[in-house]
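Engineer: If you scroll down you'll find the structure; I have some questions about it.
The values are calculated or read from the model by the stated rules, or taken from the named source; none is laboratory data. What you are looking at is a predicted structure, and each value in this text was computed from that prediction instead of being measured. Quick note on the areas: whole protein, heavy atoms, side chains included, nothing else; ligands and nucleic acids left out. Shrake-Rupley method; radii C 1.70, N 1.55, O 1.52, S 1.80 Å.
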Amino acid sequence: MATKAEPVGSEKAGEPGVQEVTTNIPGVGEVKAYFQVSTVDDFDGKTTEDVQTLRLTVPQEDTREVVATDDEGNPLKNDDDTDKLTTETYWRYPTLEIDLGKANRDKLLKALEPFVSKAREAKVQPVATQGSFTASTAGKSPHDLNAIRAWAKSAGHEVADKGRIAKNIITAYYKNTGKTNPEE
């Protein structure tokens with residue numbers, strides 16, 4: 001919860017929301033200070049009593065560097081034999097928090113309503129972004145791994161019957177079959 005502490009005089013001691021802080025300053029001794037603590041709306045910075053924390057999963061477009069591949073999924077090389085890099089665009093889904101009072105919660109819900117009214121409930125959690133791995137995503141893949149393995153073997157790639165499949169082979173599968181990659 002977003003809070004704000006503003007210094008107040010000792011005459012406010014005992015009032016609702018006023019907290020006393022005592023500290024020891026060497027050579028001076030104990031010093032008391034008083035602060036009015038209140039909840040704050042993150043959007044407009046106003047103090048309000050009805051602030052609630054909302055959690056949002058918000059899609060954000062981002063880019064990352066990846067190794068460029070040919071039509072068969074083999075890495076392309078630079079003249080110095082290093083992997084050739086390219087930039088790809090992807091969606092990430094961070095979970096954010098914001099503390100809002102009733103007026104701003106109502107504004108947010110009104111702005112989202114046209115989209116929420118057309119949305120459907122998700123059947124699965126969003127795919128973890130690169131670098132994150134949780135128990136809820138462990139062992140699950142958005143890809144048809146059996147189809148990718150079959151395609152890769154027929155295209156002359158070496159792939160194991162179980163386990164992970166190299167990203168460049170997965171990318172090549174979608175490029176060559178025209179199917180939509182669920183991670184894009």
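Engineer: Of the accessible area of the chain, with the probe set at 1.4 angstrom, what percent is carbon plus sulfur?
Structural biologist: C and S atoms contribute 51 percent here.
Engineer: List, in order, the whole-Hz ³J(HN,Hα) value for each residue of region 97-112 obtained from phi through the Karplus relation with A = 6.51, B = -1.76, C = 1.60 and θ = phi - 60°; use x for Gly and Pro.
Structural biologist: 10, 8, 9, 10, x, 4, 4, 6, 4, 4, 4, 4, 4, 5, 5, 7
Engineer: Then there is this: Counting only Cα, what are the radius of gyration and maximum Cα-Cα distance Dmax of region 52-98, in Å?
Structural biologist: 17.3, 57
Engineer: A further question follows. Tell me the angle of helix 167-177 to the major Cα principal axis of the chain, expressed in degrees between 0 and 90 and rounded to the nearest ten.
Structural biologist: 60
Engineer: Could you give me the ³J(HN,Hα) list for region 147-155, computed from phi with Karplus coefficients 6.51, -1.76, 1.60 and θ = phi - 60°, whole Hz, x at Gly and Pro?
Structural biologist: Per residue, the Karplus-derived 3J(HN,Hα) values read 5, 5, 4, 4, 4, 4, 5, 5, 8 Hz.
Engineer: Let me ask something additional. List the lysines whose alpha-carbon lies under 30 Å from that of residue 107, not counting same-chain residues fewer than 8 positions away?
Structural biologist: Straight-line reach from residue 107, under 30 Å: 4, 46, 118, 123.
Engineer: Next up: Which three lengths, in whole Å and largest first, does the chain cover when its Cα atoms are put on their principal axes?
Structural biologist: 82, 51, 31 Å, listed from the longest principal axis down.
Engineer: Please give the per residue accessible area of region 1-51, computed with a probe of 1.4 Å over protein heavy atoms only, in Å².
Structural biologist: Here the residues of region 1-51 average 72 Å² of exposed surface.
Engineer: Straight distance only, please: which lysines reach the Cα of residue 167 with their own Cα at less than 16 Å, same-chain residues fewer than 8 apart left out?
Structural biologist: 84, 140, 153, 175, 179
Engineer: Oh, and also: Report the gain in length on full extension from residue 143 to residue 88: 0.36 nm times residue separation, minus Cα-Cα distance, nm rounded to one decimal.
Structural biologist: Computed gain between residue 143 and residue 88 is 17.9 nm.
Engineer: Using helices alone, what [θ] at 222 nm do you get for the chain, with -39,500 (n - 2.57) per DSSP H run of 4 or more residues, divided over all residues and rounded to the nearest 500?
Structural biologist: Numbers: 3 runs with 36 residues, N = 184.
Computed mean residue ellipticity for the chain: -6000 deg cm²/dmol.
Engineer: Right, here's the next one. Would you mind classifying region 12-73 by shape? Square roots of the alpha carbon gyration tensor eigenvalues, ordered a ≥ b ≥ c; an a/c under 1.5 is rounded, otherwise it is prolate if a/b is larger than b/c and oblate if not. Don't skip to the answer; put the middle values down first.
Structural biologist: Values: a/c = 6.65, a/b = 2.30, b/c = 2.89.
It is oblate, given that a/c is not under 1.5 and a/b is not larger than b/c.
Engineer: Now a separate question. With the contact rule set at Cα under 8 Å and sequence spacing of 6 or more, what percent relative contact order holds for the chain?
Structural biologist: 18
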